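The values are calculated or read from the model by the stated rules, or taken from the named source; none is laboratory data. Please read all numbers here as calculations on a predicted model, not as lab measurements. All Cβ positions, glycine included, derive from the backbone under ideal geometry; neighbour counts span all protein chains shown.
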Amino acid sequence: MEYKSGFVALVGRPNVGKSTLLNEVVGSKVAMVTEKPQTTRNGIRGILHTPDAELVLVDTPGMHRPRTRLGRTMVHTAQRAVSDVELVCHVVDLSRAPNEEDGWCADLARRTAAPTWLVANKQDAVADWRTAVAGYRALAPYQAIYPVSAQTGAGVPELVAAAIARLPAGPQFFPDDMVTDQAEDFYVGEVVREQVMQATRQEVPYQVAVQVDEKVRRRGDLTYIRATVLVERDSQRGILVGEGGRMLRTIGSQARAELEHYFGHRVFLDLWVKAAADWTDRADWLSRLGYQEPKR
Ligand SMILES: Nc1nc2c(ncn2[C@@H]2O[C@H](COP(=O)(O)OP(=O)(O)OP(=O)(O)O)[C@@H](O)[C@H]2O)c(=O)[nH]1
Ligand SMILES: [Mg+2]
């Protein structure tokens, strides 16, 4: 059989389970997941290799009405992702009714050259997926509808098989053992940011960024990582550090456990918290942190 390869974009409103689905498909934790909307901020690629195909899924930030420059970079990233792919999967949450954001995703899908499928996620959370999907199917002329549960894995093999069947003949772009093309420092920062998002509330999770300043293998079995957790205000700095440093220690030890699992050896995680006023609205900070602003 001829080898096939290609890119498939996952778009959808925040919190529908795009990143969970990406991780389920590639079989490892490539993208961070939290119960809060707007977790993903970058386009993240997950790669699945089969004996005769390479499927590259592109996870994107949830589509929303941006209120900051950071939000605009996120929406821009999602909009850009649908060009240059073989297939667009509009992922929706069956446990909720369609809203304006789903409509924007449908518009985006309608404007792209690639075919669009409706991926009806969180099937496990509803009694009858056919009833739940009714409000979504009219949003765009979807060429197929796949009910799935990214959490339990139900329906995912069928979706993957169908997507692979649609890929054109093409070369293998990434090595066999590569599940993502993210830079390691970025991934490390994301592991920390996930823990910070999980541990905080209100506006704090949305005004946090993590920068890895140093990462060195100290001895054969130890990696030292120094990272800065950026917030917008001193008050948030106080919240994150917590009484007697307790909050930051909890965040650090959870992130460290995950990083040790990833590296396969001990990690010393040295976290610092710094306030940079209004960084989510500042072009200099956004570019320093690698968030791409739309060109005017
Ligand atoms: N019940 C159920 N929950 C799910 C399923 N898939 C994802 N979730 C949960 O939904 C929440 C959001 O999941 P994410 O994968 O972060 O969603 P996302 O679409 O990537 O969100 P953004 O990155 O914010 O756009 C998490 O709490 C997941 O555990 C599913 O199939 N069933
Ligand atoms: Mg996500």
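Per the conditions (1) within 15 Å of ligand 1 (Cβ to nearest atom); (2) outside any helix (DSSP H, G or I), the sole criterion not satisfied by residue 97 is (1). Among the residues of the range 63-83, the one identified as closer than 14 Å to residue 10 by Cβ and of a type in the set (D, E, K, R) is 80. Taking the conditions (1) away from ligand 1 (no atom under 12 Å from the Cβ); (2) at pLDDT 95 or above in turn, residue 83 satisfies each one other than (2). Each residue in the range 1-57 was checked for being touching a His at 6+ places or on another chain (Cβ under 6 Å) and among the hydroxyl-bearing types (Ser, Thr, Tyr), and 0 pass.
Which of the numbered conditions does residue 113 fail, given that it passes all the others? Conditions: (1) more than 15 Å from ligand 1 (Cβ to nearest atom); (2) small (Gly, Ala, Ser); (3) at pLDDT 95 or above. Status for residue 113: all satisfied but (3).
Results for (1) at negative phi; (2) outside the structural domain of residue 152 (by TED's automatic domain parsing); (3) charged (D, E, K, R); (4) within 20 Å of the chain's Cα centre (by Cα), shown as yes or no for each residue.
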{"site": "72", "(1), (2), (3), (4)": "yes, no, yes, yes"}
{"site": "83", "(1), (2), (3), (4)": "yes, no, no, yes"}
{"site": "92", "(1), (2), (3), (4)": "yes, no, no, yes"}
{"site": "97", "(1), (2), (3), (4)": "yes, no, no, no"}
{"site": "101", "(1), (2), (3), (4)": "yes, no, yes, yes"}
{"site": "111", "(1), (2), (3), (4)": "yes, no, yes, no"}
{"site": "119", "(1), (2), (3), (4)": "yes, no, no, yes"}
{"site": "122", "(1), (2), (3), (4)": "no, no, yes, yes"}
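Can you pull out the residues in the range 9-22 that are touching a residue at least 60 places away in the same chain (Cβ under 8 Å) and either within 10 Å of ligand 2 (Cβ to nearest atom) or in a helix (DSSP H, G or I) (or both)? Residues satisfying the conditions are 10, 12, 14, 15, 16, 17, 18, 20, 21.
Among residues of the range 145-169 that are crowded, with 21+ Cβ neighbours inside 10 Å, those with a Cβ under 6 angstrom from a residue that is assigned to a helix (DSSP H, G or I) and charged (D, E, K, R), sequence gap 6+ or separate chain, pair up as 149/124; 150/24.
Say whether the condition of being assigned to a helix (DSSP H, G or I) and either among the aliphatic types (A, V, I, L, M) or surrounded by 13 or more Cβ atoms within 10 Å (Cβ to Cβ) (or both) is met by at least one residue in the range 172-179. No, that holds for no residue.
Residues considered: 60, 68, 77. Of these, the only one that is touching a helix residue (DSSP H, G or I) at 6+ places or on another chain (Cβ under 7 Å) and touching a residue at least 60 places away in the same chain (Cβ under 8 Å) is 68. Tallying residues that are under 13 Å from the mean Cα position of the chain (by Cα), part of a strand (DSSP E or B) and more than 11 Å from ligand 2 (Cβ to nearest atom) within the range 28-52 yields 2. Do we have residue 131 as in contact with a helix residue (DSSP H, G or I) (Cβ under 6 Å, 6 or more places away or on another chain) and either assigned to a helix (DSSP H, G or I) or not aliphatic (A, V, I, L, M) (or both) here? Criteria not met by residue 131. Residues that are hydrophobic (A, V, I, L, M, F, W, C), assigned to a loop (DSSP other than H, G, I, E, B) and surrounded by 13 or more Cβ atoms within 10 Å (Cβ to Cβ) within the range 134-144 comprise 139, 140, listed in sequence order.
Mind checking whether some residue in the range 54-64 is within 23 Å of residue 180 (Cα to Cα), within 11 Å of ligand 1 (Cβ to nearest atom), among the hydroxyl-bearing types (Ser, Thr, Tyr) and surrounded by 22 or more Cβ atoms within 10 Å (Cβ to Cβ)? Checking the range 54-64: at least one residue is within 23 Å of residue 180 (Cα to Cα), within 11 Å of ligand 1 (Cβ to nearest atom), among the hydroxyl-bearing types (Ser, Thr, Tyr) and surrounded by 22 or more Cβ atoms within 10 Å (Cβ to Cβ). For the range 96-114, a residue qualifies if it is in contact with a Leu (Cβ under 9 Å, 6 or more places away or on another chain) and surrounded by 16 or more Cβ atoms within 10 Å (Cβ to Cβ), and the qualifying residues are 98, 102, 105, 106, 109, 114.
Number of residues in the range 240-287 that are basic (Lys, Arg) and either outside the structural domain of residue 217 (by TED's automatic domain parsing) or not in a helix (DSSP H, G or I) (or both): the value is 3.
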